[in-house]
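A quick write-up on the structure given underneath.
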Amino acid sequence: KTMSEIRQNGVTHSIFGDIFLEDLKKYREDQLQSIGTKGVFPLWKIDTQNLIKEFLDLGFKTIVTCVNETYLDKSFAGRIIDEDFLKDLPKNVDPCGENGEFHTFCFDGPIFKNPIEFEIGEIVKKTYPKPKTDNDNEEGEYVFWFCDLILK
(Lines give C-alpha, C1' and ligand atoms only; values in the text may rest on other atoms or scores of the structure.)
Protein backbone atom coordinates (compact mmCIF):
# COMPACT_ATOMS: atom_id res chain seq x y z
CA LYS A 1 0.00 0.00 0.00
CA THR A 2 2.80 2.44 0.92
CA MET A 3 4.72 1.69 -2.26
CA SER A 4 1.56 2.30 -4.31
CA GLU A 5 1.18 5.69 -2.64
CA ILE A 6 4.84 6.50 -3.30
CA ARG A 7 4.37 5.45 -6.95
CA GLN A 8 1.48 7.91 -7.25
CA ASN A 9 3.93 10.63 -6.20
CA GLY A 10 6.12 9.89 -9.22
CA VAL A 11 8.67 7.45 -7.75
CA THR A 12 9.53 4.90 -10.45
CA HIS A 13 12.41 2.92 -8.89
CA SER A 14 13.26 1.30 -5.56
CA ILE A 15 16.90 0.56 -4.68
CA PHE A 16 17.96 -2.53 -2.70
CA GLY A 17 21.24 -3.69 -1.21
CA ASP A 18 20.66 -7.36 -2.04
CA ILE A 19 23.76 -9.10 -3.29
CA PHE A 20 22.95 -12.67 -4.25
CA LEU A 21 19.68 -14.18 -3.02
CA GLU A 22 17.87 -14.86 -6.29
CA ASP A 23 14.53 -15.73 -4.67
CA LEU A 24 14.45 -12.47 -2.70
CA LYS A 25 15.39 -10.42 -5.76
CA LYS A 26 12.66 -12.06 -7.82
CA TYR A 27 10.11 -11.51 -5.04
CA ARG A 28 10.99 -7.81 -4.84
CA GLU A 29 10.88 -7.42 -8.62
CA ASP A 30 7.50 -9.18 -8.88
CA GLN A 31 5.99 -7.07 -6.10
CA LEU A 32 7.30 -3.84 -7.60
CA GLN A 33 6.19 -4.79 -11.11
CA SER A 34 2.62 -5.16 -9.84
CA ILE A 35 2.57 -1.40 -9.11
CA GLY A 36 4.66 -0.29 -12.08
CA THR A 37 7.90 0.28 -10.19
CA LYS A 38 11.33 -1.08 -11.10
CA GLY A 39 13.86 -2.56 -8.67
CA VAL A 40 17.51 -1.50 -8.87
CA PHE A 41 20.22 -3.74 -7.37
CA PRO A 42 23.56 -1.88 -7.59
CA LEU A 43 25.44 -4.44 -5.45
CA TRP A 44 24.11 -7.51 -7.28
CA LYS A 45 26.71 -10.30 -7.58
CA ILE A 46 29.58 -8.23 -6.14
CA ASP A 47 32.03 -10.39 -4.16
CA THR A 48 31.11 -9.86 -0.51
CA GLN A 49 34.70 -10.14 0.76
CA ASN A 50 35.68 -7.21 -1.46
CA LEU A 51 32.47 -5.34 -0.74
CA ILE A 52 32.83 -5.36 3.07
CA LYS A 53 36.47 -4.28 2.80
CA GLU A 54 35.53 -1.38 0.50
CA PHE A 55 32.67 -0.45 2.84
CA LEU A 56 35.04 -0.26 5.81
CA ASP A 57 37.84 1.44 3.84
CA LEU A 58 35.39 4.18 2.81
CA GLY A 59 34.74 4.90 6.49
CA PHE A 60 31.27 3.47 6.96
CA LYS A 61 30.41 2.24 10.44
CA THR A 62 27.77 -0.35 11.23
CA ILE A 63 26.65 -2.36 14.23
CA VAL A 64 25.14 -5.86 14.32
CA THR A 65 21.53 -5.58 15.49
CA CYS A 66 20.32 -9.14 14.92
CA VAL A 67 22.10 -12.50 14.97
CA ASN A 68 20.73 -15.82 13.74
CA GLU A 69 21.96 -18.37 16.30
CA THR A 70 22.10 -21.03 13.57
CA TYR A 71 25.29 -19.27 12.43
CA LEU A 72 26.53 -17.01 15.25
CA ASP A 73 26.19 -16.83 19.00
CA LYS A 74 24.89 -14.02 21.18
CA SER A 75 28.35 -12.44 21.51
CA PHE A 76 28.11 -11.10 17.95
CA ALA A 77 24.98 -9.03 18.71
CA GLY A 78 25.93 -5.42 19.36
CA ARG A 79 29.38 -5.66 17.79
CA ILE A 80 30.74 -3.06 15.42
CA ILE A 81 31.80 -4.55 12.10
CA ASP A 82 35.55 -4.05 11.81
CA GLU A 83 38.59 -6.16 10.98
CA ASP A 84 38.36 -8.01 14.33
CA PHE A 85 34.72 -8.84 13.69
CA LEU A 86 35.59 -10.21 10.25
CA LYS A 87 38.43 -12.33 11.69
CA ASP A 88 36.03 -13.80 14.27
CA LEU A 89 33.42 -14.90 11.72
CA PRO A 90 33.21 -18.64 11.12
CA LYS A 91 34.14 -19.69 7.57
CA ASN A 92 30.51 -20.57 6.72
CA VAL A 93 29.27 -17.02 7.48
CA ASP A 94 29.10 -14.43 4.71
CA PRO A 95 30.92 -11.22 5.77
CA CYS A 96 27.91 -9.16 4.67
CA GLY A 97 25.37 -11.49 6.31
CA GLU A 98 23.82 -12.24 2.93
CA ASN A 99 22.42 -15.61 3.97
CA GLY A 100 20.51 -14.19 6.93
CA GLU A 101 23.32 -14.78 9.41
CA PHE A 102 23.05 -11.25 10.82
CA HIS A 103 21.56 -7.83 10.18
CA THR A 104 23.10 -4.43 10.78
CA PHE A 105 22.44 -0.73 11.26
CA CYS A 106 24.76 1.71 9.50
CA PHE A 107 25.24 4.76 11.71
CA ASP A 108 28.11 6.72 10.15
CA GLY A 109 30.03 7.16 6.95
CA PRO A 110 31.16 9.61 4.30
CA ILE A 111 27.62 10.32 3.10
CA PHE A 112 26.34 11.16 6.60
CA LYS A 113 26.16 14.81 7.64
CA ASN A 114 26.52 13.61 11.25
CA PRO A 115 26.79 10.18 12.84
CA ILE A 116 23.57 8.79 14.30
CA GLU A 117 24.07 8.89 18.06
CA PHE A 118 22.81 5.89 20.01
CA GLU A 119 23.47 3.74 23.04
CA ILE A 120 23.48 -0.04 23.04
CA GLY A 121 20.50 -1.32 24.98
CA GLU A 122 19.42 -4.77 26.01
CA ILE A 123 20.27 -7.86 23.98
CA VAL A 124 17.11 -9.91 23.71
CA LYS A 125 16.59 -13.53 22.68
CA LYS A 126 13.55 -14.29 20.49
CA THR A 127 12.47 -17.64 19.14
CA TYR A 128 10.27 -18.49 16.19
CA PRO A 129 8.86 -21.92 15.28
CA LYS A 130 10.48 -23.58 12.29
CA PRO A 131 7.96 -24.23 9.54
CA LYS A 132 7.38 -27.91 8.85
CA THR A 133 8.20 -29.09 5.36
CA ASP A 134 7.13 -32.21 3.49
CA ASN A 135 10.66 -33.63 3.89
CA ASP A 136 11.11 -32.65 7.54
CA ASN A 137 8.69 -33.47 10.34
CA GLU A 138 11.17 -32.38 12.98
CA GLU A 139 9.85 -29.66 15.23
CA GLY A 140 12.14 -26.90 16.34
CA GLU A 141 12.68 -23.22 16.52
CA TYR A 142 14.87 -20.49 15.13
CA VAL A 143 16.75 -18.48 17.74
CA PHE A 144 17.70 -14.85 17.14
CA TRP A 145 19.50 -12.34 19.34
CA PHE A 146 18.42 -8.71 18.91
CA CYS A 147 20.48 -5.77 20.12
CA ASP A 148 18.33 -2.79 21.05
CA LEU A 149 19.66 0.57 19.96
CA ILE A 150 18.49 3.62 21.89
CA LEU A 151 18.69 6.93 20.06
CA LYS A 152 20.27 9.76 22.03
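The values are calculated or read from the model by the stated rules, or taken from the named source; none is laboratory data. Given the structure is predicted, the values throughout are model-derived calculations rather than measurements. Because the Cβ atoms are built from the backbone with ideal geometry, glycine has one as well, and the counts that use them run over all protein chains shown. Protein only, heavy atoms only, side chains kept; ligands, DNA and RNA dropped before computing areas. Shrake-Rupley method; radii C 1.70, N 1.55, O 1.52, S 1.80 Å.
Quickly run through segment 75-102 and pick out the residues that are outside any loop (DSSP other than H, G, I, E, B), of a type outside the set (Phe, Trp, Tyr) and surrounded by 14 or more Cβ atoms within 10 Å (Cβ to Cβ). LEU86, the sole residue that qualifies. Residues in segment 5-22 that are farther than 19 Å from HIS103 by Cβ and touching a Lys or Arg at 6+ places or on another chain (Cβ under 6 Å): HIS13 only.
Total residues in segment 80-105 satisfying the condition of being among the polar types (S, T, N, Q), without any contact (Cβ under 8 Å) to a residue 60 or more places away in the chain and more than 16 Å from GLY59 (Cα to Cα): the figure is 1.
Please determine whether any residue of segment 45-61 is free of Cβ contacts under 8 Å to residues at least 12 places away in the same chain and among the basic types (Lys, Arg). Yes; the residues of segment 45-61 include at least one that is free of Cβ contacts under 8 Å to residues at least 12 places away in the same chain and among the basic types (Lys, Arg). All conditions in (1) in contact with a Pro (Cβ under 9 Å, 6 or more places away or on another chain); (2) touching a residue at least 40 places away in the same chain (Cβ under 8 Å); (3) open to solvent by 40 Å² or more (accessible area, probe 1.4 Å) hold for ASP108, with the sole exception of (3). Being open to solvent by 90 Å² or more (accessible area, probe 1.4 Å) and in a strand (DSSP E or B) is true of TYR128. Scanning segment 54-63 for residues that are more than 16 Å from the chain's Cα centre (by Cα) and open to solvent by 50 Å² or more (accessible area, probe 1.4 Å) yields GLU54, ASP57, LEU58. Does ASN114 satisfy the criteria of being touching a residue at least 40 places away in the same chain (Cβ under 8 Å), out of contact with any strand residue (DSSP E or B) (no Cβ under 8 Å at 6 or more places or on another chain) and either within 19 Å of CYS66 (Cα to Cα) or polar (S, T, N, Q) (or both)? Against the criterion (touching a residue at least 40 places away in the same chain (Cβ under 8 Å), out of contact with any strand residue (DSSP E or B) (no Cβ under 8 Å at 6 or more places or on another chain) and either within 19 Å of CYS66 (Cα to Cα) or polar (S, T, N, Q) (or both)), ASN114 does not qualify. The numbered conditions (1) modelled with pLDDT under 95; (2) among the β-branched types (Val, Ile, Thr); (3) in contact with a His (Cβ under 6 Å, 6 or more places away or on another chain) are all true for THR133 except (3).
Among the conditions (1) at positive phi; (2) surrounded by 14 or more Cβ atoms within 10 Å (Cβ to Cβ), the only one that CYS66 does not satisfy is (1). How many residues does segment 1-53 contain that are in a helix (DSSP H, G or I), open to solvent by 80 Å² or more (accessible area, probe 1.4 Å) and under 26 Å from LYS91 (Cα atoms)? Residues flagged as in a helix (DSSP H, G or I), open to solvent by 80 Å² or more (accessible area, probe 1.4 Å) and under 26 Å from LYS91 (Cα atoms) within segment 1-53 amount to 5.
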